Amino acid sequence: AKEQGGNTYQLYRSEMNMRSLERLNLEIDLRKAMDRGEISLHYQPIVDLATGDVYGMEALLRWKHATRGMVSPGEFIPLAEETGLIVPIGNWVLYESCRQNREWTDRGFPPLVVAVNISVNQFQQPGFVQLVQETLERTGLDPKQLCLEITENVAMRNVNSMIETIAKLRELGVQISIDDFGTGYSSLSYLKRFRVHTLKIDQSFIKELTTDEENAAIVTALIAMSHQLNIKALAEGVETKAQLEFLRRFGCDEIQGYLFSTPLPADEFERMMRTRRNL
Ligand code: C2E
Ligand code: CA
Ligand code: CA
Ligand code: CA
């Protein structure tokens, strides 16, 4: 029995080591991933519900690991945040999204707004506003065509510095949206003080929109509230026609989700834009 206990312990310990080793390996690989060209962006269309036109797209990171294949952002973004790698990676995402959007405008697409996810670490960097300004200058993108997505719980952390940074970004002409709204530690009064352009209603509320009365009540209240505050409402994770109809009926401004399109590599996004039909 004693021996067995020892074995269990050994097994447990080696599992622990495996896991931290695995993490360490992933971290080492992530450090090299950018140079190796394994990191890319996919773009998921955002549709204006009133017109049915593509309003813009969210840039989403993709990592194609040499041996593991696709590693999901849910796995490597937290790692990138813990190790600080999110700063160089995030800066690249910002640059590449702006560059790509400007290229599409130059090639005759209607002007689109690209939405870029910004992590806490990035947003709270001292030179962040200047970095955004320089990126816009370098790429020649119209500031109106850039939207920065910040997550609600992040936003709540240091309220006064958040308000200041958002004000400076607004002065640049950049748009701001609050991501995953409803899942963080929300204080509704901050919404007014933050003065954002768009509120992204988290997909967890959209999922059971047409089957769960409470979710439906929350979503309609969020749409009404954002309109009263002069903020646009965007629903994420729209997968069904029934959800779309519900959102249309309650005046949701924009939608994003698999119903219209999954996130696409740049070339496929382009093809979609050329061949698409209205919703
Ligand atoms: P998010 O910002 O909430 O992005 C939306 C996620 O929902 C994306 O997952 C997208 O692929 C997925 N999605 C879109 N439509 C649907 C739908 O109809 N149904 C379902 N079930 N899912 C849908 P993805 O690409 O795996 O990204 C996961 C998260 O990783 C993002 O959540 C975001 O928090 C983070 N992330 C991705 N790219 C970046 C980045 O460049 N920087 C930072 N800081 N975070 C990023
Ligand atoms: Ca987002
Ligand atoms: Ca989101
Ligand atoms: Ca999310």
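Tabulated data for the structure shown
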quantity	calculated
Cross-link pairs beyond the 22 Å C-alpha cut-off, checked among 168/192; 144/232; 32/200; 192/232; 64/241	32/200; 64/241
Region 52-113: projected area of the alpha-carbon convex hull, averaged over directions, in nm²	5.7 nm²
Dimensionless Rg over Rh [region 25-68; C-alpha; Kirkwood]	1.26
Förster-model FRET efficiency, 35 Å R0, residue 211 and residue 268, C-beta, rounded to 0.05	0.65
Kirkwood Rh in Å, taken over region 186-234 so that all alpha-carbon pairs contribute	11.2 Å
Å³ per residue enclosed by the Cα convex hull of region 40-194	135 Å³
Cα Rg, Dmax, region 45-88, angstrom units	15.3, 44
Charge dipole (the chain, unit charges on Cβ, about Cα centre) - positive-most of 46, 141, 210	141
Spatially proximal aspartates and glutamates relative to residue 207 (Cα-Cα < 20 Å; intrachain offsets below 8 disregarded)	48, 58, 152, 179, 180, 236, 239, 245, 253, 254
Choice from 57, 70, 162 showing the highest fluctuation, given a GNM over the chain with Cα pairs closer than 10 Å	70
Size of region 188-279 as Cα extents on the principal axes (Å, biggest first)	42, 31, 19
Length gained when the stretch residue 192-residue 21 is fully extended (0.36 nm per residue, less Cα-Cα span)	57.0 nm
Where the Cα pairs of region 207-247 fall when distances are cut into 5 Å bins, in %	5, 25, 30, 25, 12, 3
Choice from 27, 75, 58 showing the highest fluctuation, given a GNM over the chain with Cα pairs closer than 10 Å	75
Percentage relative contact order, the chain, counting C-alpha pairs under 8 Å, at least six apart	17 percent
Calculated log₁₀ intensity ratio I(q)/I(0) where the Debye formula runs over C-alpha points of the chain, q = 0.17 Å⁻¹	-1.46
Per residue accessible area in Å² of the chain, where ligands, DNA and RNA are left out and the probe is 1.4 Å	52 Å²
Region 143-233 - percent relative contact order, Cα under 8 Å, separation 6 or more	26 percent
Carbon plus sulfur fraction of accessible area for the chain, probe 1.4 Å, in percent	50 percent
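The values are calculated or read from the model by the stated rules, or taken from the named source; none is laboratory data. What you see is a predicted model, and the numbers here were worked out from it, not measured in a lab. Virtual Cβ from ideal backbone geometry, glycine too; neighbours counted across all protein chains shown. These area figures cover heavy atoms from the full protein model, side chains too; ligands, DNA and RNA do not enter into them. Shrake-Rupley method; radii C 1.70, N 1.55, O 1.52, S 1.80 Å.
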